[in-house]
Amino acid sequence: MLCAEVSVYPLKTNNATQVIDGAIEALSREQVKYKVGSISTHIDGNDEQVWSGIRKLYDEAKKTGEVNMVVTFSNAEH
């Protein structure tokens, strides 16, 4: 099992909430468990699911312009 804590920070936009919501919507189409928090999203699954989810989240967010994304990975039992 792999888990990741992800935060997306859109840059140079007045629509940060829309960018983040769009990225989370893309994540919802992946076969991965996730929980949205106030400043980050927690993702759980096997290695392929988590890495794919992270990639989809980033790809969707960057469509709108520049973004920073901070990810912490763990394979520890939770």
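The values are calculated or read from the model by the stated rules, or taken from the named source; none is laboratory data. Keep in mind that this is a model prediction, so the values were computed, not measured. As a convention, Cβ positions derive from the backbone with ideal geometry for all residues, glycine included, and neighbour counts pool all protein chains shown.
Of the residues making up the stretch 58-78, those that are over 12 Å from residue 9 (Cα atoms) and hydrophobic (A, V, I, L, M, F, W, C) are 73, 76. Taking the criterion of being under 14 Å from residue 52 (Cβ atoms), in a helix (DSSP H, G or I) and either without any contact (Cβ under 8 Å) to a residue 24 or more places away in the chain or over 10 Å from the mean Cα position of the chain (by Cα) (or both), the only residue of the stretch 8-37 that qualifies is 28.
State whether the residues of the stretch 1-8 include one that is surrounded by fewer than 13 Cβ atoms within 10 Å (Cβ to Cβ) and not aliphatic (A, V, I, L, M). No, there is no match, as no residue in the stretch 1-8 is surrounded by fewer than 13 Cβ atoms within 10 Å (Cβ to Cβ) and not aliphatic (A, V, I, L, M). Tell me, yes or no, whether the stretch 50-60 has at least one residue that is modelled with pLDDT of 95 or more, in contact with a strand residue (DSSP E or B) (Cβ under 9 Å, 6 or more places away or on another chain) and over 16 Å from residue 7 (Cβ atoms). Yes: the stretch 50-60 contains one or more residues that are modelled with pLDDT of 95 or more, in contact with a strand residue (DSSP E or B) (Cβ under 9 Å, 6 or more places away or on another chain) and over 16 Å from residue 7 (Cβ atoms).
Quick grid of which residues meet (1) of a type outside the set (Ser, Thr, Tyr); (2) in contact with a strand residue (DSSP E or B) (Cβ under 8 Å, 6 or more places away or on another chain); (3) surrounded by 12 or more Cβ atoms within 10 Å (Cβ to Cβ):
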{"site": "10", "(1), (2), (3)": "yes, yes, yes"}
{"site": "13", "(1), (2), (3)": "no, no, yes"}
{"site": "18", "(1), (2), (3)": "yes, no, yes"}
{"site": "24", "(1), (2), (3)": "yes, yes, yes"}
{"site": "45", "(1), (2), (3)": "yes, yes, yes"}
{"site": "77", "(1), (2), (3)": "yes, no, no"}
